[in-house]
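K.L.:
Just passing along the structure, written as structure tokens.
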Amino acid sequence: MALKLRLARAGSKKRPYYHIVVADVRSPRDGRFIERVGAWNPMLPKDGEAKRVTLDEERVKHWLGVGAQPTDRVMRFLDEAGIAKREARNNPNKAKPGKKAQERLEEQRMKEEEAAEAAKAAEEEAKAAAEAPAEEAPAEAPAEEETKEAAAE
């Protein structure tokens, strides 16, 4: 018979309270269990003096020795209590954005590159215009002469 150390929900609606129980893997979550070995009240503050997690360490060690496997959440509690060592999990793919989000990021990056290139080109044109010698106004001089001639007539 395969055994699990797992949570069984108790408490009312929107006020959860969990019993840590030893149960057969085939029995339902809140159904038949073999022994209750602790409790977890998630409504209590994590850093408060109140007992958020209570464990009967002697019985937990007994059931682990018999071969009961704790669920991930119960294993976290056992690790905190120093009863069992929980291996850290690592799923680097979970943190990556989805396909659509990656496409949007790529489009945004391309737009930023185009804007940077356009700004760079505008700077170069401004530098070239500033370095080029300013044209004299010989075209205006004949216009002034024409106005003088027109005034003289």
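The values are calculated or read from the model by the stated rules, or taken from the named source; none is laboratory data. Being a predicted model, the structure only gives us computed values, none of them experimental. Counting neighbours? That spans all protein chains shown, and the Cβs are built from the backbone with ideal geometry, glycine included. Ligands, DNA and RNA are stripped out before the accessible areas are found, and what is left, the full protein with its side chains, is counted by its heavy atoms. Shrake-Rupley method; radii C 1.70, N 1.55, O 1.52, S 1.80 Å.
K.L.:
Just one of [x] 26.8, 96; [y] 16.2, 49; [z] 38.7, 124 is Rg and Dmax of the Cα atoms in Å calculated from these coordinates, so which is it?
P.N.:
Here Rg and Dmax of the Cα atoms in Å agrees with entry [z].
K.L.:
In what sequence, largest accessible area first, do R6, R73, R15 appear using a 1.4 Å probe?
P.N.:
R15, R73, R6
K.L.:
Let me ask something additional. Kindly sort K99, K61, K85 by accessible area of their heavy atoms, largest first, with the probe set to 1.4 Å.
P.N.:
From most exposed to least exposed: K99, K85, K61.
K.L.:
Could you check which residue among R36, R89, R109 shows the biggest mean-square fluctuation in a GNM of the chain with a 10 Å Cα cutoff?
P.N.:
R109
K.L.:
Listed here are the pairs K4/K46; K14/K46; K14/K100; K46/K100; which of them are more than 30 Å apart at the Cα?
P.N.:
From the list (K4/K46; K14/K46; K14/K100; K46/K100), the Cα-Cα distance tops 30 Å for K14/K100; K46/K100.
K.L.:
Let me ask you something else. So, R0 is 30 Å and r is the distance between the beta-carbons of R29 and K99; what FRET efficiency does that work out to, to 0.05?
P.N.:
Rounded to the nearest 0.05, the efficiency is 0.30.
K.L.:
For the chain, modelled as a GNM with alpha-carbon contacts under 10 angstrom, which of L55, L64, L105 fluctuates the most?
P.N.:
L105
K.L.:
Moving on to the next point. With a 10 Å cut-off between alpha carbons and a GNM built on the chain, which of A118, A23, A88 moves the most?
P.N.:
A118
K.L.:
A follow-up question, please. Rounding to the nearest 10 and keeping the result within 0 to 90°, find how far the Cα-based axis of helix 72-81 lies from the longest principal axis of the chain.
P.N.:
Here the helix axis deviates by roughly 80 degrees.
K.L.:
Also, quick follow-up: What do you reckon, how do V53, V22, V66 stack up by accessible area (1.4 Å probe), largest on top?
P.N.:
V66, V53, V22
K.L.:
Sticking with this structure for a sec: Got the relative contact order for the chain handy, in percent, Cα pairs under 8 Å and 6 or more residues apart?
P.N.:
For the chain, the relative contact order is 15 percent.
K.L.:
Loop only by DSSP, 16 or fewer other Cβ within 10 Å of the Cβ. Give me the GluC sites (Glu not before Pro) in region 27-87 that pass, ordered by residue number.
P.N.:
Those that pass, being in a loop and sparsely packed, are E49, E87.
K.L.:
Right, another one. Need one value: the accessible area of W63 in square angstrom, 1.4 angstrom probe, rounded to the nearest 10.
P.N.:
Estimated to the nearest 10 Å², W63 gives 30 Å².
K.L.:
Among the lysines, select those whose C-alpha is under 18 Å from the C-alpha of K120, and discard any that sit fewer than 8 residues away in the same chain.
P.N.:
Straight-line reach from K120, under 18 Å: K111.
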